[in-house]
């Protein structure tokens with residue numbers, strides 16, 4: 001699974017765009033730590049289609065809140081919202097690391113075109 005599979009060839013050759021994308025990939029988790037763990041807890045809007053249409057909670061319900069709590073090291077709160085966060089969060093961290101490393105290699109690891 002390549003990190004930049006959605007990028008056109010022109011975007012992949014644009015060093016400014018790649019550096020900006022790498023900046024966003026690094027700053028994203030930092031913003032997650034700055035925001036409070038309960039940032040998404042008090043929303044009255046139902047985003048889950050299964051809850052909105054069928055009034056049924058799927059296996060992914062509460063995952064955003066659980067990941068946010070897990071990211072802020074509130075493991076009890078994360079488990080309260082969704083127990084599957086213990087498998088999903090490490091997978092997300094793995095994907096983030098892999099994609100960020102690939103983007104870094106594509107941005108700084110290749111020689112400049114003469």
> Is it the case that segment 29-36 has a residue that's in a helix (DSSP H, G or I), touching a residue at least 60 places away in the same chain (Cβ under 8 Å) and either surrounded by 15 or more Cβ atoms within 10 Å (Cβ to Cβ) or at negative phi (or both)?
Replying inline: yes
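Name the one entry in 108, 84 that is farther than 27 Å from residue 23 by Cβ, surrounded by fewer than 17 Cβ atoms within 10 Å (Cβ to Cβ) and either in contact (Cβ under 8 Å) with a residue 12 or more places away in the chain or out of contact with any strand residue (DSSP E or B) (no Cβ under 7 Å at 6 or more places or on another chain) (or both). Break it down stepwise before answering.
Values: 108 fails: farther than 27 Å from residue 23 by Cβ.
Exactly one residue qualifies, and that residue is 84.
Look through 60, 76 and report the one residue that is over 23 Å from residue 7 (Cβ atoms), in contact with a helix residue (DSSP H, G or I) (Cβ under 9 Å, 6 or more places away or on another chain) and either buried (at least 16 other Cβ atoms within 10 Å of the Cβ) or at pLDDT below 85 (or both).
Numbers: 76 fails: either buried (at least 16 other Cβ atoms within 10 Å of the Cβ) or at pLDDT below 85 (or both).
Of 60, 76, the one residue that is over 23 Å from residue 7 (Cβ atoms), in contact with a helix residue (DSSP H, G or I) (Cβ under 9 Å, 6 or more places away or on another chain) and either buried (at least 16 other Cβ atoms within 10 Å of the Cβ) or at pLDDT below 85 (or both) is 60.
If you scan segment 12-38, which residues turn out to be under 24 Å from residue 97 (Cβ atoms) and at pLDDT below 80?
Of everything in segment 12-38, those that are under 24 Å from residue 97 (Cβ atoms) and at pLDDT below 80 turn out to be 12, 14.
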>> Looking for something modelled with pLDDT of 80 or more, more than 15 Å from the chain's Cα centre (by Cα) and in a loop (DSSP other than H, G, I, E, B) - is there at least one such residue anywhere in segment 41-57?
In response: yes
> Using beta carbons and a limit of 6 Å, which pairs, at least six apart or on different chains, have the first residue in segment 53-64 and in contact (Cβ under 8 Å) with a residue 24 or more places away in the chain and the second one outside any helix (DSSP H, G or I)?
Replying inline: 63/82; 64/40
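The values are calculated or read from the model by the stated rules, or taken from the named source; none is laboratory data. Bear in mind the structure is a predicted one, so any value in this text is a computation, not a measurement. We place every Cβ from the backbone using ideal geometry, glycine too, and count neighbours over all the protein chains shown.
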